[in-house]
Amino acid sequence: MTATNRVTVSLDDKGIATVSLNRPDKGNALDMAMFDAICATIKSLKKDKRVRVVILQGNGDNFCTGLDVKSVLNSSTNGIKLLAKWSPFVANKAQYVCTGWRDVPVPVICTLHGICWGGGLQIALGADFRVAKPDTNLSIMEAKWGLIPDMGGSLPLRELVGKDVALELAMTARQIDGNKAKELGLVTHLSNDPLAHAHELAEELLTRSPDALAAVKKLYRKSWWSGPGFALFRESWYQIKVLMGKNQRIAVKREMNNEKGEKKAYKTRKFS
């Protein structure tokens with residue numbers, strides 16, 4: 001896997017890709033190089049069918065302290081680079097560091113510790129699961145600077161919490177800890193060792209068909225807010241695609257031979 005000075009990626013022999021935000025001396029704050037590196041990493045992961053699960057973490061004492069305002073604003077063109085888009089209905093670079101994880105066709109587990117503010121929280125919201133230390137400090141911080149959250153986090157946020165909760169967090173820029181975040185639904189699990197917990201979840205996910213995992217993720221992402229007709233159509237169509245693949249038959253054999261301890265390896269994912 002590739003590595004840059006802002007994001008490192010390692011892939012083990014099981015297919016678990018560990019993605020690390022790698023600017024620990026700056027709290028993994030988002031400068032232009034970090035935006036570029038995260039976007040490039042997401043695009044690479046989407047294409048690499050060796051990847052079965054992604055674990056996203058931050059090196060150092062914090063997951064991500066948010067936007068490096070001083071660095072980003074040192075050039076008048078940086079704002080244009082982050083916000084420009086060829087269509088109003090697609091993600092720009094600032095939004096893609098959140099929304100891009102939703103299009104990676106494997107489970108994405110984000111581990112949180114230290115500070116997770118602003119853009120850092122929006123990145124985390126783009127993952128499928130979040131495992132946080134109880135003392136993690138989380139905030140939708142943009143209101144503190146007279147801004148609105150504009151990095152794509154509104155999409156997953158509406159799926160996780162009620163509108164009143166989202167409004168209060170975004171309007172107040174209130175800081176909450178991991179326990180409160182779990183209570184509100186912002187994080188999936190609490191753990192004193194989020195990385196170890198993420199690996200346990202990853203190992204469990206690896207026992208399932210990569211095609212089924214990709215299909216479930218795509219089904220729920222596309223159908224969560226769609227009409228019932230489209231949701232039912234996708235269920236049927238995706239199921240047909242899964243049934244046509246070898247991994248569904250392998251899954252059946254694995255379950256039938258479960259008592260014998262025989263676990264045939266899954267084939268490379270075909271579902272997209």
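The values are calculated or read from the model by the stated rules, or taken from the named source; none is laboratory data. Keep in mind that what you see is a predicted model, and the values were worked out from it rather than measured. All Cβ positions, glycine included, derive from the backbone under ideal geometry; neighbour counts span all protein chains shown. Calculation scope for accessible area: heavy atoms of the full protein, side chains included, ligands and nucleic acids excluded. Shrake-Rupley method; radii C 1.70, N 1.55, O 1.52, S 1.80 Å.
For the pairs 46/246; 93/222; 217/241; 49/253; 49/218, note any where the Cα-Cα span goes beyond 18 Å. Where the Cα-Cα span goes over 18 Å, the pairs concerned are 46/246; 93/222; 49/253.
Can you give me the relative contact order of the range 223-272 as a percent, contacts being Cα pairs under 8 Å and 6 or more apart? List each step's numbers first, then the result.
Numbers: 22 pairs, mean separation 14.3, N = 50.
Relative contact order here is 29 percent.
Over 14 Å apart: what share of the alpha carbon pairs of the range 180-260 falls there, rounded to a whole percent? The answer is 73 percent, as a whole percent. Measuring with a 1.4 angstrom probe and ignoring ligands and nucleic acids, residue 101 comes out at about 0 Å² accessible. Here the ratio of the Cα radius of gyration of the range 161-220 to 2.2 N^0.38 Å is 1.49. Just so you know, the averaged projected area of the alpha carbon convex hull for the range 23-173 sits at 9.2 nm².
Leaving ligands, DNA and RNA out of it, rank 207, 268, 136 by accessible area with a 1.4 Å probe, largest first.
Details: 207 55, 268 80, 136 0 Å².
Highest to lowest solvent-accessible surface, that is 268, 207, 136.
A 1.4 Å probe, protein heavy atoms only, puts the accessible area of residue 180 near 80 Å². Shown here is the pair-distance distribution of the range 10-55: with all Cα-Cα distances grouped in 5 Å bins from zero up to the longest one, the shares run 5, 20, 27, 20, 16, 10, 2 percent. Heavy-atom accessible surface of residue 151, to the nearest 10 Å², is about 10 Å², with a 1.4 Å probe and all protein chains retained.
Among DSSP beta bridges whose residues both lie in the chain, state the antiparallel percentage, nearest 5.
On the way: 8 of 28 bridges.
DSSP beta bridges in the chain are roughly 30 percent antiparallel.
Against the chain, whose longest principal axis is taken from its Cα atoms, helix 32-47 shows a tilt of about 10°. Put the Cα centre of the range 199-272 next to the Cα centre of the range 125-155 and the gap is 30 Å.
Normalising by the residue count of the range 90-151, find the relative contact order in percent from Cα pairs under 8 Å and 6+ residues apart.
On the way: 90 pairs, mean separation 23.4, N = 62.
About 38 percent, as a whole number.
Would you mind checking the tilt of helix 163-172 against the longest principal axis of the Cα atoms of the chain, expressed as 0 to 90 degrees and rounded to 10? Result, in degrees: 30. With the biggest extent put first, the Cα atoms of the range 62-150 measure 38, 31, 19 Å across the principal axes.
Each of 107, 170, 213 was placed along the dipole of the chain (beta-carbon charges, centred on the mean Cα), and the one lying farthest toward the positive end is 213.
Put simply, the Cα atoms of the range 131-270 extend 56, 40, 21 Å along their principal axes, the longest span coming first.
With a 1.4 Å probe and all protein chains in place, put 272, 139 in order of accessible area, largest first.
On the way: 272 85, 139 0 Å².
From most exposed to least exposed: 272, 139.
For the chain, with all protein chains present and a 1.4 Å probe, just round the carbon and sulfur fraction of the accessible area to a whole percent. That fraction is 56 percent.
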